[in-house]
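Worksheet: one structure, shown below.
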Amino acid sequence: ERGGNNSFTHEALTLKYKLDNQFELVFVVGFQKILTLTYVDKLIDDVHKEFRDKYRNEFQQKGTLGLLNGTFDFKDDFMRLLRDAEESSKVRAPTVMKTFEQSLKSQKTVKCMIETRGDKPKEKVKNKKKGSKKEGTEAVVATGKASTGDKQPSAAGDREELTKDEILQKNREEFFKRHMKAGEKSSKSPKPEAQKEKGKKPRVWDLGNSNAKVLDYSNSATNGSTEACPVEEFDPNTALGDRNREPGRLYDLEYESDDEAEEEKVIQNPSKPSAKKGGLGGMFGMLKGLVGSKSLTREDMDPVLEKMKDHLIAKNVAAEIAVQLCESVAKKLEGKVMGTFTTVTSTVKQALQEALVQILQPQRCVDVLRDVMDAQRHRRPYVVTFCGVNGVGKSTNLAKISFWLIENGFSVLIAACDTFRAGAVEQLRTHTRRLNALHPPERHGGRTMVQLYEKGYGKDAAGIAMEAISYARNQGFDVVLVDTAGRMQDNAPLMTALAKLIAVNAPDLVLFVGEALVGNEAVDQLVKFNKALADHSMAQTPRLIDGIVLTKFDTIDDKVGAAISMTYITSKPIVFVGTGQTYCDLRSLNAKAVVAALMKA
């Protein structure tokens, strides 16, 4: 799925490779990274062509076993090709600049550069060809009407003396005058008897409250103090959403593709017996095995890949990543043998689907519950830090994850390290109060399941996080969730502060919170966040982003490309997906469901 990058660097070495999909061969050349060898691409192409042509019959007759058991005497051929490639790079002469006589400018004469008044340049005429069509028709209508009317005989003589531009302008003026007169006649209508009253009236909404006093909180007695604030009463159904769900379970994303819907319809409405269809299928299967096959070329795939690239970009995949994906699919399929009854479109689509599923299933899997239990055995809190740009939903999704952890029996301490945004601490305080109302201490043996650690505004975020972790260790909390201030990826001072917080406190998991609405911006955010964490960290092996929380997934319908962009650029898994406004609207990523939505036409 990452075949678009045909080179790999490891320490002081660089490897370049080329795939032969027809015979399933990989050709690799290795050289020192410090050397700038211009002939490497030519060498690997020549070796690939020579080796394949020399042993083609052996591959076709013996297959894979022939490759494993066969002996290939290719050393002399390789040395010859290497010498040829080295010599070709030396022989290549530097490009020489053209002389003035060889350039196109020298062929132009002075006469063709002189512009006479009234003559339009050719380029301008070409550009305005479409726009002037309508104007031309208007001019023809105007001249036709003018010729029928009573005109002085001298008008024709005057027109001959005028230039084309002036004639067109004059005709246009006459045309507009006629239309203006006609408009004035038709506009004369009797005045209305009763004129409407002037001035605007305030709109009263059907579901709104017209009494403004109900909405006035300026004289509230509490004034933001937690002690005087009354206990909040709210409907648990609005906070929880689905009451029939299994507590503590993280459900997968669901998406029904068109193919699945069609299959269900076929199963539900079996109108005719499928004996004839099965017989035909068997016959076609036999023919498919008997008929010849064709190797895919780049020319065959280019039109399909171009459509696929546009489709991916329309589904919110970053343009750069869409190009790389299509390039990797082309390299994977080029030279591959394709059955006669298999179309190029279906083959390319299948390969692209497989590549997308591979991307969304990274090698490292983050199992938060398992890691929390492991931290419990070592008698220490499990620390998760949330970071991201402004307004993506860090605090809201932190509250959702808190609820999920509480339902799985873990106590949570929320560290309010967003000491910059007005209302950030109050927002977390409200979430803490609501979560404690949903899971009161009485249901957990008198143990408070969620608590807020806050020190107000304007303080050092790294210091607050350190104190919160120490407090959690002393009080026996299972998980510490660190909320940080939103920051743009280009803000160097704030990115330095975030790198300091992560370096000082060494959290177990660093989650980047990104919204599913972004397109190309997703790549820029993740690349710069990772780069900033690496640059501003004092450690020899800096901590980077470990996973992704994808928010606002319920707002995008089937434009799910941000999931592909974020996973492709970081190779990190999407740990949680936010899908709504209630505490239960938290899902785990289902790669096949996302790819089905992405490939939907």
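Can you send over the solvent-accessible area of Phe51, 1.4 Å probe, protein chains only, in Å² to the nearest 10? About 30 Å², ignoring ligands and nucleic acids. The H on the amide N of Val450, modeled in the peptide plane, is under 5 Å from the matching H of Val412, each at least 5 residues off or on a different chain. For the residue pairs Lys394/Lys528; Lys307/Lys528; Lys42/Lys294; Lys16/Lys315; Lys552/Lys572; Lys16/Lys559, the C-alpha atoms sit more than 24 angstrom apart in Lys307/Lys528; Lys42/Lys294; Lys16/Lys315; Lys16/Lys559.
For region 368-591, the fraction of 1.4 Å probe accessible surface lying on carbon and sulfur atoms is 51 percent. In a reduced charge model with +1 at each Lys and Arg Cβ and -1 at each Asp and Glu Cβ, region 368-591 shows a dipole moment near 500 debye about its Cα centre.
Quick one: grab the alpha carbon gyration tensor of region 363-505, order the square roots of its eigenvalues as a ≥ b ≥ c, and give me rounded if a/c is under 1.5, else prolate or oblate depending on whether a/b is larger than b/c. Cα axes put region 363-505 in the prolate bin. Roughly speaking, what % of Cα-Cα pairs in region 321-428 are separated by over 24 Å, rounded to a whole number? Of all Cα-Cα pairs in region 321-428, 55 percent lie more than 24 Å apart.
Over region 368-591, what is the percentage of antiparallel beta bridges among all DSSP beta bridges, to the nearest 5?
5 percent
A compact globular protein would have a Cα radius of gyration near 2.2 N^0.38 Å; the ratio found for region 7-89 is 1.20. Put +1 on the Cβ of each Lys and Arg and -1 on the Cβ of each Asp and Glu in region 359-460; which of Leu398, Val425, Leu452 then has its Cα farthest toward the positive end of the dipole? Of the options given, the answer is Leu452. Distant-in-sequence amide contacts of Arg487, defined by a placed amide H-H separation under 5 Å and a gap of 5 or more residues or a different chain, comprise Gly388, Val389, Asn390.
Rg/Rh for region 522-601 stands at 1.04; both radii use Cα atoms, and Rh follows the Kirkwood definition. The order of the peptides 374-385, 321-332 by mean Cβ neighbours within 10 Å, most packed first, is 321-332, 374-385. Accessible surface of Glu320, taken over heavy atoms with a 1.4 Å probe and every protein chain present, rounds to 110 Å². Taking the square roots of five times each eigenvalue of the Cα gyration tensor of region 482-573, the equivalent ellipsoid has semi-axes of 24, 13, 12 Å, listed largest first.
The values are calculated or read from the model by the stated rules, or taken from the named source; none is laboratory data. Since we're looking at a predicted model, the values are computed, not measured. Glycine gets a Cβ as well: all are built from the backbone with ideal geometry, and neighbour counts include every protein chain shown. Ligands, DNA and RNA are stripped out before the accessible areas are found, and what is left, the full protein with its side chains, is counted by its heavy atoms. Shrake-Rupley method; radii C 1.70, N 1.55, O 1.52, S 1.80 Å.
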